[in-house]
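Encoded as structure tokens, the structure appears first; notes follow it.
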Amino acid sequence: MAAELTGTRLTLDDGRPAVRFRRTYDHSADQVWRFVTDPGELARWFPSRAEMELRPGGTIRFSGDPNMPASTGRVIAVDPPRHLSFEWGGDELRLDVEDVGDGRTGLTLTDVLAAEDTAARNAAGWEVCLTALDARASGAGGEGPGGPHAGPGVLWKDFYDGYVEAGFPSGAPVPGLD
């Protein structure tokens with residue numbers, strides 16, 4: 001069975017490649033904001049532990065991903081509870097939260113890619129992570145402290161193969177597999 005792909009590939013106005021995902025949750029904007037900024041919530045779905053100083057120029061410390069070394073990033077912009085963007089591993093990650101009515105909130109995650117050949121790899125990774133966030137938001141609890149990459153049954157390869165087949169640029173090394 002093929003994995004259901006929810007990401008789109010795009011080129012930003014400034015020519016940079018990106019992948020984008022949209023989700024809608026039955027939560028307030030404040031709760032969705034907590035999902036994307038609170039270290040305890042991030043540990044349930046984000047690929048690394050992330051502790052951040054929520055201010056422009058603030059430092060973000062990433063750790064705990066078994067396939068990547070600890071690193072730091074920089075907050076580019078923050079407008080609670082609507083927007084957060086930061087640097088991470090050469091990419092720019094943008095998280096946009098918006099009230100869509102009836103107590104529901106939209107989340108748009110845009111990964112502005114440092115290199116186009118990371119599109120399939122990163123899109124597959126975000127599918128795995130956002131699946132964990134979807135579970136958390138639905139009340140299923142999401143992933144435990146091991147993060148979204150822990151344990152058997154992760155369908156990353158299925159997503160990756162699907163994105164390659166869909167024409168997303170590929171070929172970048174895959175941490176933990178290459």
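Any idea how many residues of the range 94-131 are more than 22 Å from Lys157 (Cα to Cα) and of a type outside the set (Val, Ile, Thr)?
Total satisfying the criteria: 11.
Among the residues of the range 9-67, what is the count of those that are of a type in the set (Asp, Glu), without any contact (Cβ under 8 Å) to a residue 40 or more places away in the chain and within 30 Å of Gly101 (Cβ to Cβ)?
The number of residues fulfilling the criteria is 2.
Which is open to solvent by 50 Å² or more (accessible area, probe 1.4 Å), of a type in the set (S, T, N, Q), in contact with a strand residue (DSSP E or B) (Cβ under 7 Å, 6 or more places away or on another chain) and closer than 18 Å to Asp134 by Cα, of Thr37, Thr110, Thr24?
Of the residues listed, the single one that is open to solvent by 50 Å² or more (accessible area, probe 1.4 Å), of a type in the set (S, T, N, Q), in contact with a strand residue (DSSP E or B) (Cβ under 7 Å, 6 or more places away or on another chain) and closer than 18 Å to Asp134 by Cα is Thr24.
If we scan the range 73-85, do we find a residue that is under 25 Å from Tyr163 (Cα atoms), among the acidic types (Asp, Glu) and surrounded by fewer than 19 Cβ atoms within 10 Å (Cβ to Cβ)?
Looking through the range 73-85, none of the residues is under 25 Å from Tyr163 (Cα atoms), among the acidic types (Asp, Glu) and surrounded by fewer than 19 Cβ atoms within 10 Å (Cβ to Cβ).
Go through the range 98-118 and report how many residues are in contact (Cβ under 8 Å) with a residue 40 or more places away in the chain, within 30 Å of Pro169 (Cβ to Cβ) and not in a strand (DSSP E or B).
5
What about Pro69, is it open to solvent by less than 80 Å² (accessible area, probe 1.4 Å) and either charged (D, E, K, R) or part of a loop (DSSP other than H, G, I, E, B) (or both)?
no
The values are calculated or read from the model by the stated rules, or taken from the named source; none is laboratory data. Computed from a predicted structure; not experimentally measured. For neighbour counting, all protein chains shown are included, and Cβ atoms are generated from backbone atoms with ideal geometry for every residue, glycine included. SASA here: full protein model, heavy atoms, side chains in, ligands and nucleic acids out. Shrake-Rupley method; radii C 1.70, N 1.55, O 1.52, S 1.80 Å.
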